[in-house]
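The next block holds one structure in the form of structure tokens; read it before the comments.
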Amino acid sequence: MRGLLCLLAAASPARAADVDVHGFAQVNYAARTTGRKPSPAAGDFLLGDERVQISLAGFAPSGAAGFLAKADFFHDAVDGRADMDLREAYLDLPGEYLEARLGRQIVTWGVGDLLFISDVFPKDWEAFFSGRPLEYLKSGSDALKLNFYYGALGVEAIAVPFFTPDRLPDAQRFFLHDPFAGVGQKSVSEPSKDLENTELALRAYRPLGAYDAALYVYRGFHRTPAAFPDSLASPAVVSLRYPRLNVYGVSAQGPAPGGVAVFEAGYYDSREDLAGTDSLIPNSQARYLLGYRRQLGKDLSGGLQYYGEYMLRHGRYRGTIPAGFPAADRLRQVLTLRLTRTFKYQTWRVSLFSYWSPTDEDFYLIPEVRHSLADGIWLALGANIFGGASRTTFFGQFDRNDNVYMSARYEF
């Protein structure tokens, strides 16, 4: 209740500014289809979520400043708790050549479709794998963002003083691969809130002929922690922390015969293991993707992507892997397919998004049917289907987590 009062208080300048109030009420449920549970306390439901989102947005009459505040008030029926999630809350300071945004904001970079190279900002993988609407894959960052414009050139600079990790699936709800599952004592250490740990990111973009091109630079941390046991032979304590990381990327997208082509590449510079001799820290990598999207018919669209992760100094990495640990390939490859078909004046939408890795020999399928009952009211039914030859690969580890989900939303 206190969070709701604080959010509504932000609208108090309504007489001095044009304030838009909107939001939605939503329910999400996801149930296992395998009949298996990761722990005795787990039930058949991965997700039981009821929430109301309130969004306030406005500008001062002079146009000198604007704001947005967006908060979710939710009840988690699986855990039996109620809480608030502040999705975004920022101030905008516009200008002719320079704009500033300060506060909690969701940042999306790159051109990939559910494949991320230059987009190094936090994500909620638990929400994604349990069938919540796609917007919940991205999490907010508390940041200062500056946008500079000069002719066709745009530059976006971001400083993030407070680190936010990816939200990974919870072992109480999901089957996961954990090489240290038998270790009872684990601790997680996030980067300290010091100035030297401020994440810095820069994007420069402009048209090049018919294509939109961009360059990216990031200095910060891996969003997934690395595990450091006190002993590889018989660990009693495992410490989890986030190694330092630099990312340098480039992207382009534009017309191709019959559709749109996309390209993105990045170099992941593992700052704490430049030699590649510590198997506990991710080695430096070169990542890339190629994509093509087009209309296949009047109400049918499709897209293909090819993605690769090439590990540098792979020989040194293999030479330091502890006995019994699975080794990652030098090159991991992933293919994606998206198909979307609409019916009855676009009130029905049938879609499929699929991942398949020929190197990991695993896959992930997301079929969904969505129906708009009226303006602002929709219902979606879908599934998350995982599989793989091994339970140590990225998608293969989720093989026992297949689920069906239902989402319904009323927007106001």
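The values are calculated or read from the model by the stated rules, or taken from the named source; none is laboratory data. All of these numbers come straight from a predicted model, not from anything done at the bench. Positions of Cβ are backbone-derived with ideal geometry, glycine not excepted, and every protein chain shown enters the neighbour counts.
Quick look at the numbers
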{"read-out": "Answer from Val247, Val238 - the residue that is assigned to a strand (DSSP E or B) and within 25 Å of the chain's Cα centre (by Cα)", "value": "Val247"}
{"read-out": "Any chance Ser39 is in contact (Cβ under 8 Å) with a residue 60 or more places away in the chain, assigned to a loop (DSSP other than H, G, I, E, B), out of contact with any Gly (no Cβ under 9 Å at 6 or more places or on another chain) and not hydrophobic (A, V, I, L, M, F, W, C)", "value": "yes"}
{"read-out": "Condition met for Leu289 (at pLDDT 95 or above, buried (at least 19 other Cβ atoms within 10 Å of the Cβ) and either touching a strand residue (DSSP E or B) at 6+ places or on another chain (Cβ under 8 Å) or of a type in the set (Val, Ile, Thr) (or both))", "value": "yes"}
{"read-out": "Residue list for region 192-230, restricted to those being surrounded by fewer than 18 Cβ atoms within 10 Å (Cβ to Cβ), under 17 Å from Gly249 (Cα atoms) and acidic (Asp, Glu)", "value": "Asp212"}
{"read-out": "Pick from region 110-142, criterion within 18 Å of Val262 (Cα to Cα) and of a type in the set (Asp, Glu), ranking: nearest to the chain's Cα centre (by Cα)", "value": "Asp119"}
{"read-out": "Within region 157-169, tally of residues that are surrounded by 15 or more Cβ atoms within 10 Å (Cβ to Cβ), within 22 Å of Glu126 (Cβ to Cβ) and not hydroxyl-bearing (Ser, Thr, Tyr)", "value": "7"}
{"read-out": "Some residue of region 251-270 being modelled with pLDDT under 95 and in contact with a Ser or Thr (Cβ under 8 Å, 6 or more places away or on another chain)", "value": "no"}
{"read-out": "Tally of residues being more than 26 Å from Ala60 (Cα to Cα), touching a residue at least 60 places away in the same chain (Cβ under 8 Å) and outside any loop (DSSP other than H, G, I, E, B) across region 80-121", "value": "1"}
{"read-out": "Selection count where residues are farther than 15 Å from Phe174 by Cα and assigned to a loop (DSSP other than H, G, I, E, B), scope region 361-392", "value": "5"}
{"read-out": "In region 296-351, residue surrounded by the fewest Cβ atoms within 10 Å (Cβ to Cβ) [restricted to those that are in contact with a Phe, Trp or Tyr (Cβ under 7 Å, 6 or more places away or on another chain) and of a type in the set (Val, Ile, Thr)]", "value": "Thr342"}
